[in-house]
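The values are calculated or read from the model by the stated rules, or taken from the named source; none is laboratory data. It should be emphasised that the depicted structure is a prediction, and the values quoted were computed from it without experimental measurement. Note that each Cβ is placed from the backbone with ideal geometry, even for glycine, and that neighbours are counted across all protein chains shown. Note: accessible area is taken over every heavy atom of the protein model, side chains too, but ligands, DNA and RNA are not part of it. Shrake-Rupley method; radii C 1.70, N 1.55, O 1.52, S 1.80 Å.
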Amino acid sequence: MPRIEIAVGAFLAAGLLALFFLALQATNLRLSGSTSGYTLIARFENIGSLRVRAPVTMAGVPIGRVTDIRFDPNTYEAVVELRIDPEIRTIPDDTFASIYTAGLLGEQYVGLSPGASDQYLQDGDSFANTQSALILEQMIGQFLFKSAEEPLP
Amino acid sequence: MRRFLAQLGRRGIAFFARLGRRFLLLLHILAGSGELFRHFDQLIRQLHGIGVRSVAIVSLSGFFVGMVLSLQGYQVLTQFSAEESLGLLVAASLVRELGPVVTALLVAGRAGSALTAEIGLMKTTEQLAALEMMAVDPIRRVLVPRFFGGLLAMPLLAGLFSAFGLLGGYLVGVDLLGVDAGAFWGQMQQRIDCYADLCSGIFKSLIFGLVVIWIALFEGYDSRPTSEGVGRATTRTVVQSALAVLCLDFVLTALLLGV
């Protein structure tokens, strides 16, 4: 009987270990939790296909995540909540928040380009300067419109 | 014409009577679940029979399924130069679908058929009747530990299957085909959701475990007490389990995706 019990114990441990391995290694679950850090708000005219959980980067390094995306019916803007890691405390208040695309067809993410102000953004503050996502169709439309205006050589 | 109608009626009544016995058995098992705590060693013995002895086949199958997924996925993804998404492809297919489904099929073949044969033989050799003679409820004593052993073992086995599949996919994708290891894990961690994907997979395998073990126990308990009857019951277990798992998988996936 003890041998059976040892085998069953090992089986239960291995099974639970496999599930933990999957949860930690293969999914977006992070034990540190997303409750730490502070929230900044960015308003965009158009967020393209930005989604919740998209990374927030500064100089290309991920420093936070998008936690919520809402539509503001008064200003017709998208309100994007960014949760910034707690150790990044010194984001100047004239920082530029832009939506970029990783690669040609990749995920969209929020990129922050620091300003020169010595005032720092606090929890709940919003970005003064934002730049919307580039919509491929709009760009092509503008390009066609422009080239139609130019006189033919 | 009248003979045809009579035949149809007999079939229909038999079908519904069987369905009723099936659900009564499940209720009886659930009602007797308190027995688990009094005979805990029985549960451990069944976990050994259903779980531990399936570990080898489940992990080995998972390993090879992961390897072949990686190989096939790579062929398609290179056409779009999206090899970096290989990890995502392997993990999503394993965790969401292949893990629960293939594990359930394997357990149905490996443990379900054995359970049916065991219980069918117990019935044929009148061991169940002997238990009843001794005022021991055979359902509580024989079926309950097997039922919960299977129910508990299934998600753990599915987890093992997926974990070994990931390792196999990693070996083939990264070591053999040269996909970047960081991208392999990174894409996976970015896009696979712990609740929407992993937990729904565990939920699925719990349901599959319930259905597979339920079918196996019922077919054994309801088998005709002859050697031929036990053989037929075993076949029916495997066929019905496979069908039930595959059909349920579609229904559950549709429900979980909220279509």
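Here is the figure for the range B:178-193: residues that are open to solvent by 10 Å² or more (accessible area, probe 1.4 Å) and either in contact with a Ser or Thr (Cβ under 7 Å, 6 or more places away or on another chain) or within 22 Å of residue B:59 (Cα to Cα) (or both) total 4. Checking each residue in the range B:200-233 for being within 14 Å of chain A (Cβ to nearest Cβ) and surrounded by fewer than 17 Cβ atoms within 10 Å (Cβ to Cβ) picks out B:203, B:206.
Scanning the range B:129-142 for residues that are modelled with pLDDT of 90 or more and either among the hydroxyl-bearing types (Ser, Thr, Tyr) or open to solvent by less than 10 Å² (accessible area, probe 1.4 Å) (or both) yields nothing. Quick check: is even one residue across the range A:74-88 of a type in the set (Phe, Trp, Tyr) and on the phi < 0 side of the Ramachandran plot? Scanning the range A:74-88, I find no residue that is of a type in the set (Phe, Trp, Tyr) and on the phi < 0 side of the Ramachandran plot, so the answer is no.
Residues in the range B:108-122 that are crowded, with 22+ Cβ neighbours inside 10 Å and over 26 Å from residue B:199 (Cβ atoms): 4 in all. Elements of the type strands (runs of 3 or more DSSP E) sitting completely within the range A:1-89 and holding at least 1 residues that are more than 14 Å from every other protein chain (Cβ to nearest Cβ), of a type in the set (Val, Ile, Thr) and within 15 Å of the chain's Cα centre (by Cα): these cover A:38-44, A:61-72, A:77-84. Each residue in the range B:152-175 was checked for being open to solvent by 10 Å² or more (accessible area, probe 1.4 Å), away from every other protein chain (no Cβ under 13 Å) and touching a residue at least 24 places away in the same chain (Cβ under 8 Å), and 2 of them qualify. Within the range B:237-254, restricting attention to residues that are polar (S, T, N, Q) and under 14 Å from residue B:205 (Cβ atoms), the residue that is most open to solvent (accessible area, probe 1.4 Å) is B:253. Residues considered: A:54, A:18. Of these, the only one that is of a type in the set (A, V, I, L, M, F, W, C) and without any contact (Cβ under 8 Å) to a residue 24 or more places away in the chain is A:18.
A single member of A:94, A:72 is acidic (Asp, Glu) and open to solvent by 30 Å² or more (accessible area, probe 1.4 Å), and it is A:94.
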